[in-house]
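Down below is the structure, laid out as structure tokens.
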Amino acid sequence: MVAMNYEPDAAGQESYILCADCGTVISSANGAGLCVGCLRNTVDITEGIPKEATLNFCRGCERFLSPPQTWVTAQPESRELLAICLKKIARPLMKVRLIDASFIWTEPHSRRIKIKVTIQKEVLANTVLQQTFELLLVVHTGQCPQCTRLAAKNTWKASVQVRQKVTHKRTFLWLEQLILKHNAHKDTININEKRDGLDFFYAERNNAIKMVEFLAGVVPVRSKASEQLISSDTHSNTSNYKFTYSVEIVPVCKDDLVCLPKNQARAWGNISPLTICSRVGNTVHLLDPMTLQQTDVTAPVYWRQPFDSLATVTDLVEFIVLDVEPSGPVRGKYVLADAQVTRSSSSNNNADDDGMGDDGIFHTRTHLGGILQPGDTVLGYHLTNANFNNDAFESFDQDRIPDVILVKKTYPNRRKKSKPRNWKLRSIAKEAEDVTEGSNTLGRGALGRKGGVDQRNVERDYELFLRDLEEDKEMRAAVNLYKANQPQPEDDEDGDVGMDTGESTKKSGSGMKGGKRRTGGAGGSANGGAMQVDEDMGEGTDADDEEEEDFPEIDINELLEHFEEMDMEDAAEEIQ
């Protein structure tokens, strides 16, 4: 037997060959037959990838154009800016594999951005080549579409027209605070005040739609959209439109007296037709003060069968509570009670036509049994000799109409004091319409307060709005209140709810705070707008009366710091 030794196959051993160009020893597994250096000199995997590109930059809002039409805020050498730069060569990069990308430092003023890009690509079978190159981007400055519209005045793409057919501005004062709290005005480029409401202007249609949706979430409204063709291009089949959204708010406000048609009252839980509006949110809350029954009316239900207010807060009469006795039923903060009231004797204008004068005693049932005490002052509707031009009220059983419907408690003694409020509200400046040149009046400078048209009514509405905030915790929780500065004893141009002390040498206060402006001629008339509210309500001027113990004071912990007054320039800067 012959012994044989095992010898491995030659295929298992690694073999080498020479590079075809330079003769360098390389592995035989290299299908190209070239070393790495010769392969790089022969094949360029960056071919077809541009080494230079342009980058659009807006000098107004300092944003970069992210293809195709998006403008993005990006800091120098940030990940966002790197992504925008790589989008310039996104299509050629789809044919290779991106390994790394980083910035190369350049002078900030050079308007040049350099990026080091590393890519890989398979050039031959089992041969992957990696290569690094520099991408140079030249920054071109210009304006984005939003800044272009801001630079050209009266140029807008969409508008929202908000209207409410009432005689006061308290609803828009409330909307102003809701808009400020939720920052819903950040995309607004302009605000104009009209006779029955406000116009909001936007650079984009989507921002106008957001405002319409916001308004529908806070107040009951109905909206209608329309569009107007500005220009069109038949070659590219493109058109330029302006969009307008008309928003109408229900003409029923808080503390209004409402008389429903009988069929509607039966359909809405068989409630009494004679109700008061206790609150207005995204629905209208109606309350029967005789039974504490409540119903909520949504916007679609209201606009199918609309109704108007029978009387508003301007028709409220002041009464003195003689006696009050709770009758048992309680629903939330409302307590049903029987009350005896008489009209306040502080004004001679309250004499009845039947000769009863101010000495008449009225028996009524009220929902304010939890807060009323004998001697308190309360506001209500006097229906004894009231005459309303309303079909629903005329068809209502006259025997069921009470003499008096009490609405809310008031604090006349405290209101007569000249003590300023320790809080104030923010406001949005806007352009006031119908302010004639050469007149001695100025625009209010805040949303919903239109100066120069009816200064007395404007100040009355704002003072009533401030009182509603003080007396309603739920209403106050929905807005932002700010700490007020210490009031100046004299010549306080920004004092809060200035009360006239009767001195002829002191300027009368306007009863407002937060962005208001005043002229001497307008502010010195009628003894101040805040006191005018008390005069309209029939309050006296005796300052020796004791203050009410249960006057609603606002806790200092509810107030916010860092009060900043806004104007239209600040609102426009927020868009950027």
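The values are calculated or read from the model by the stated rules, or taken from the named source; none is laboratory data. Keep in mind the model is a prediction, meaning the values are calculated, not measured. For neighbour counting, all protein chains shown are included, and Cβ atoms are generated from backbone atoms with ideal geometry for every residue, glycine included. The area values use the complete protein model at the heavy-atom level, side chains included, leaving out ligands, DNA and RNA. Shrake-Rupley method; radii C 1.70, N 1.55, O 1.52, S 1.80 Å.
List of remarks:
- Verdict on Leu310 being within 19 Å of Lys165 (Cβ to Cβ), touching a strand residue (DSSP E or B) at 6+ places or on another chain (Cβ under 8 Å), in the same structural domain as Phe396 (by the TED database) and not β-branched (Val, Ile, Thr): yes
- Search result, residues across region 186-211 that are outside any helix (DSSP H, G or I) and β-branched (Val, Ile, Thr): Thr188, Ile189, Ile191
- Criterion applied to Glu204, Glu193, Glu213 was being within 27 Å of Gln305 (Cβ to Cβ) and out of contact with any Ser or Thr (no Cβ under 8 Å at 6 or more places or on another chain), and the one residue passing it is Glu213.
- When residues in region 359-408 are screened for being touching a residue at least 60 places away in the same chain (Cβ under 8 Å), in contact with a Ser or Thr (Cβ under 6 Å, 6 or more places away or on another chain) and not in a strand (DSSP E or B), 1 of them pass.
- Residue match in region 389-397 (condition: at pLDDT 90 or above, open to solvent by 10 Å² or more (accessible area, probe 1.4 Å) and either basic (Lys, Arg) or in contact with a Lys or Arg (Cβ under 9 Å, 6 or more places away or on another chain) (or both)): no
- For region 119-148, the candidate set comprises residues that are charged (D, E, K, R) and under 17 Å from Ala90 (Cα atoms); within that set, the residue that is modelled with the highest pLDDT is Glu134.
- Among residues of region 371-388, those that are among the hydroxyl-bearing types (Ser, Thr, Tyr) and open to solvent by 10 Å² or more (accessible area, probe 1.4 Å), counted: 2
- Residue satisfying condition, being touching a residue at least 12 places away in the same chain (Cβ under 8 Å) and in contact with a Gly (Cβ under 8 Å, 6 or more places away or on another chain), within set Thr127, Thr118: Thr127
- Picking from residues in region 187-211 that are buried (at least 20 other Cβ atoms within 10 Å of the Cβ) and within 21 Å of Ala299 (Cα to Cα), the one that is nearest to the chain's Cα centre (by Cα) is Met211.
- For region 308-322, the set of residues classified as open to solvent by 70 Å² or more (accessible area, probe 1.4 Å) and not in a loop (DSSP other than H, G, I, E, B) consists of Thr314, Asp315, Leu322, listed by residue number.
- Filter pass, Ala184 being out of contact with any strand residue (DSSP E or B) (no Cβ under 7 Å at 6 or more places or on another chain), free of Cβ contacts under 8 Å to residues at least 60 places away in the same chain and open to solvent by 10 Å² or more (accessible area, probe 1.4 Å): yes
- Filtered residue count, region 239-288, keeping only those that are within 18 Å of Glu471 (Cβ to Cβ) and among the hydrophobic types (A, V, I, L, M, F, W, C): 5
- Flag if Pro251 is outside any loop (DSSP other than H, G, I, E, B) and either open to solvent by 10 Å² or more (accessible area, probe 1.4 Å) or free of Cβ contacts under 8 Å to residues at least 40 places away in the same chain (or both): no
- Within region 39-93, being acidic (Asp, Glu) and more than 23 Å from Phe133 (Cβ to Cβ) holds for one residue alone: Glu62.
- Number of the condition not met by Val284 [criteria: (1) outside any loop (DSSP other than H, G, I, E, B); (2) closer than 22 Å to Asn387 by Cα; (3) in contact with a strand residue (DSSP E or B) (Cβ under 6 Å, 6 or more places away or on another chain)]: (2)
- Pick from region 87-118, criterion open to solvent by less than 30 Å² (accessible area, probe 1.4 Å) and in contact with a strand residue (DSSP E or B) (Cβ under 6 Å, 6 or more places away or on another chain), ranking: modelled with the lowest pLDDT: Val96
- Members of region 324-339 found to be open to solvent by less than 70 Å² (accessible area, probe 1.4 Å) and of a type outside the set (A, V, I, L, M), listed by number: Ser327, Gly328, Pro329, Tyr334, Asp338
- Restricting region 401-424 to residues that are modelled with pLDDT of 85 or more and either open to solvent by 20 Å² or more (accessible area, probe 1.4 Å) or among the charged types (D, E, K, R) (or both), the residue that is nearest to Trp174 (Cα to Cα): Lys408
- Of all residues in region 3-34 being among the acidic types (Asp, Glu) and loosely packed, with under 10 Cβ neighbours inside 10 Å, the one that is modelled with the lowest pLDDT: Asp9
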